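For reference, the structure discussed in these notes is given below.
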Amino acid sequence: MGIKTVYEDCDVLVVGGGMGGTGAAYEARYWGRDMKVVIAEKANIDRSGAVAQGLYAINCYMGTQWGENNPEDHVRYARNDLMGMVREDLAFDMARHVDSAVHKFEEWGLPFMKSTETGRYLREGKWQIMIHGESYKPIVANAARKSADKIYNRIMVTHLLMDESRDNRVGGAVGFNCRTGDFHVFRAKAVIVAAGGASHIFKPRSVGEGMGRTWYAPWSSGSAYALAIQAGAKMTQMENRIVLCRFKDGYGPVGAYFLHLKTYTQNAYGNEYESTWYDDTKSMVGEYIDHHPTPTCLRNHAFIQEVKAGRGPIHMVTTEAFQDPHLEEVGWENFLGMTVSQAVVWASQDIDPKYINPELTTSEPYVMGSHATCSGAWCSGPEDLSPEEYFWGYNRMMTVDGLFGAGDAVGGTAHAFSSGSFTEGRLAAKAAVKYVKDLMGETINVTDKQIEDLKETIFQPLDNYTIGRNEIVGGTVSPSYLLPIQGLQRLEKVMDEYVGGISVNYMTNDKLLERGIELLDTMEEDFEHIGAEDLHQLMRAWELKHRLLSSQSVAQHTLFREETRWPGYYYRGDHMKLDDENWHCLTLSRRDPETGDWAMEKAPVYHIVD
Ligand SMILES: Cc1cc2nc3c(=O)[nH]c(=O)nc-3n(C[C@H](O)[C@H](O)[C@H](O)COP(=O)(O)OP(=O)(O)OC[C@H]3O[C@@H](n4cnc5c(N)ncnc54)[C@H](O)[C@@H]3O)c2cc1C
């Protein structure tokens, strides 16, 4: 085929150098001084992942040194927000270590805002601390660069390799360089997947010329889930997608506005509306609506109902707070360090929030394991905390031996955010190093056949295009191939209409899901005919295939959970109530890598913290 193959043998391979991946590389070096640690990253770790543009707040910091919060408080908080459903062992484990990761960030030069009264980190809310965070990602990347033996930027990892000398054990990963087209083979004893969450699986609100604008990073292509699913790892809570209330069109975040600026929402007629929906919500979820703070999905529910009732749009009342010049500055800076496009949208639409209350909207759904939801791989917890069903030897190891996860990749740990993802990377790496040491020099066996077969599969879209292009003289519609963008729009439409996206007000049911799953399965066949014009489109082709697998998983999980656990994130029209009697549990899936069949099961939710 004329494609160059580059081999790299290492002990620990980190797939994705975002927050989880940089934390993993840093910690792997600490525990594995004599080990070879390698990162393979799709972009460039200096500006990759969901924190690429910077952040204005670190959303997960306990402040235990000052007696502000304890890890158990955070578990209670995350559990409440997720309507009871988190892996409390993983959540506690992350929370008890997160402060030390944040202290490292400060040591490495990240500027923190401090309270002039107490000298402590300036709080935005109970869990959030404020930073001048434009340089957040380059700073953690620097720590990873000093720790890893080698960093391969621009490598799209497409598949994991499996060890052929033992069942169910990982043997590394393969991918290609998006710039040179070289085929990369990483043979590794342990692999830590930290490849981020999934945007663009549901049709976004911004389509056409605005299509690249989504809330979660548009390059988060569900690789973390697809790589694990392809390898036969169990997934959990994939139905638990998130819908966010954000400033309209720019998806600007609202956290600093609610928490620090104390702005509030109202309907188009200037009225408070959440109380209007109290009885309605109570009839669906019972006493959960009386919890404090109100779970995010339930606040979304009131928003969605109010708009459906014809009293939208919902506005954020900024005109009061913005009279204070300091708060006005914070309001704008919040975007400039994190979501510049929101400031640009307001400027272009003549919205000065000092005089006009800007519109809010609810986003399309996203899937992730680190933000306020907890989809991802089913991982072992730490040995000192986890009950039997949650523990199989190594912290953050998936159900495939030697395969670990961090950040969005790991299911069950909601509200980890940037700092918690970095911390999870550290925890996974510590365990991965121990795993490699415990192998006592045992080698892994990956045959040339496995590698050659994958090589052919990976580059197939380039051939599809080259051959199929001859059948047309102009335009983009070919009888023989689908372009990645065409495939993406088909995927988003099916997920939107059948699996509970924006155009159906997040509503679905068993019949819609069954049909949606059929359509997704057909798409799997069709996507064998994706045509890639160049290496960039080859990356898009593989992102699409990863998005499809993630979507299939979301649809299967959504069908399995026969209740509406999170109104405001999605609704099962055939089961409109929360059902604690039958569904106070976690959902698990496994896709058989040989047959492609999905098996679903329930797993207990253990409340480790009272
Ligand atoms: C708009 C927005 C606002 C946020 N606000 C906050 C906030 O205020 N405070 C806070 O603490 N957190 C915030 N977060 C959350 C935080 O960014 C995430 O929790 C965190 O980045 C998740 O870490 P991760 O390592 O799982 O994923 P990421 O940091 O996204 O890293 C994933 C990495 O994997 C790479 N990758 C993907 N696919 C592949 C592949 N196939 N092969 C190789 N590499 C691949 C990506 O390029 C990326 O570098 C926000 C996120 C977003 C998007």
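The values are calculated or read from the model by the stated rules, or taken from the named source; none is laboratory data. Just so you know, these numbers come straight off a predicted model, no measurement behind them. When we count neighbours, we look across all protein chains shown, and the Cβ atoms used for this are built from the backbone with ideal geometry, even at glycine. Protein only, heavy atoms only, side chains kept; ligands, DNA and RNA dropped before computing areas. Shrake-Rupley method; radii C 1.70, N 1.55, O 1.52, S 1.80 Å.
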Q.
How much accessible area per residue does the stretch 565-610 have, counting only protein heavy atoms and a probe of 1.4 Å, in square angstrom?
A. 48 Å²
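Quick check on the chain: helices-only [θ] at 222 nm, where DSSP H runs of length 4 and up contribute -39,500 (n - 2.57) each and the sum goes over total residues. Nearest 500, please. Show your work: numbers first, answer last.
Working: 16 runs with 216 residues, N = 610.
Result for the chain, helices only: -11500 deg cm²/dmol.
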Q. Counting Lys and Arg as +1 and Asp and Glu as -1, each charge on the Cβ, what is the dipole of the chain about the Cα centre in debye, to the nearest 20?
A. 1200 debye
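Tell me the carbon and sulfur percent of the accessible area for the chain, rounded to whole percent, probe radius 1.4 Å.
Numbers: 11240 of 22470 Å².
Within the chain, the accessible surface is 50 percent carbon and sulfur.
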Q. Which ³J(HN,Hα) values, rounded to whole Hz and listed in residue order, are derived for the stretch 223-238 from phi using the Karplus coefficients 6.51, -1.76 and 1.60 in 6.51 cos²θ - 1.76 cosθ + 1.60 with θ = phi - 60°, glycine and proline given as x?
A. 4, 4, 7, 4, 4, 5, 5, 4, 7, x, 6, 7, 10, 9, 6, 5
(Q) Quick check: Cα centre of the stretch 1-61 to Cα centre of the stretch 394-456, how many Å? (A) 12 Å
Q) For the stretch 257-364, with every protein chain kept in place, what is the accessible area per residue (1.4 Å probe, Å²)? A) 46 Å²
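Using a 1.4 Å probe, what is the accessible area per residue for the stretch 1-87, in Å²? Kindly include the intermediate steps, with their values, before the conclusion.
Numbers: 2840 Å² over 87 residues.
For the stretch 1-87, the per-residue accessible area is 33 Å².
Under 11 Å from the Cβ of residue 294, count the other residues' Cβ atoms, weight Lys and Arg +1, Asp and Glu -1, and hand me the total. Walk me through the numbers before you get to the answer.
Numbers: positive: 299; negative: 81, 274, 290.
My count for the surroundings of residue 294 gives -2.
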Q: At a Cα cut-off below 27 Å, give the lysines reachable from residue 511, other chains included and same-chain residues fewer than 8 away excluded.
A: 203, 234, 282, 308, 493, 545, 577, 602
Q. Once label points are set 7 Å from the Cα along Cα→Cβ at both residue 595 and residue 434, what is their separation, rounded to one decimal in nm?
A. 3.6 nm
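What order do you get for 167-180, 415-428 when each peptide is scored by the mean count of other beta carbon atoms within 10 Å, highest first? Kindly include the intermediate steps, with their values, before the conclusion.
Working: 167-180: 21.1, 415-428: 31.1.
Result, highest mean Cβ count within 10 Å first: 415-428, 167-180.
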**Q.** Separation between Cα centres of the stretch 154-225 and the stretch 90-122, rounded to whole Å
**A.** 30 Å
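Residue 519 to residue 150: extension gain in nm, 0.36 nm per residue of separation minus the Cα-Cα distance?
Numbers: separation 369, 0.36 × 369 = 132.84 nm, distance 4.16 nm.
Residue separation times 0.36 nm, minus the Cα-Cα distance, leaves 128.7 nm.
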Q) Accessible area of residue 449, 1.4 Å probe, to the nearest 10 Å²? A) 130 Å²
Q. Under 5 Å between amide H atoms, partner at least 5 residues away or on a different chain: which partners does residue 84 have, H built in plane at 1.01 Å?
A. none
Q. From the backbone phi of the stretch 198-215, what are the Karplus-calculated ³J(HN,Hα) couplings (6.51 cos²θ - 1.76 cosθ + 1.60, θ = phi - 60°) in whole Hz, Gly and Pro given as x?
A. 10, 9, 6, 9, 9, 4, x, 5, 8, 10, x, 5, x, 4, x, 8, 10, 6
Q: Based on the mean of other Cβ atoms within 10 Å per residue, sort peptides 213-223, 248-258, 465-475 so the most packed one is first.
A: 213-223, 248-258, 465-475
Q: Using θ = phi - 60° and the Karplus relation 6.51 cos²θ - 1.76 cosθ + 1.60, list the HN-Hα couplings for the stretch 104-120 in order, rounded to whole Hz, with x at every Gly or Pro.
A: 4, 4, 5, 4, 7, x, 6, x, 9, 7, 10, 6, 5, 7, 9, x, 7
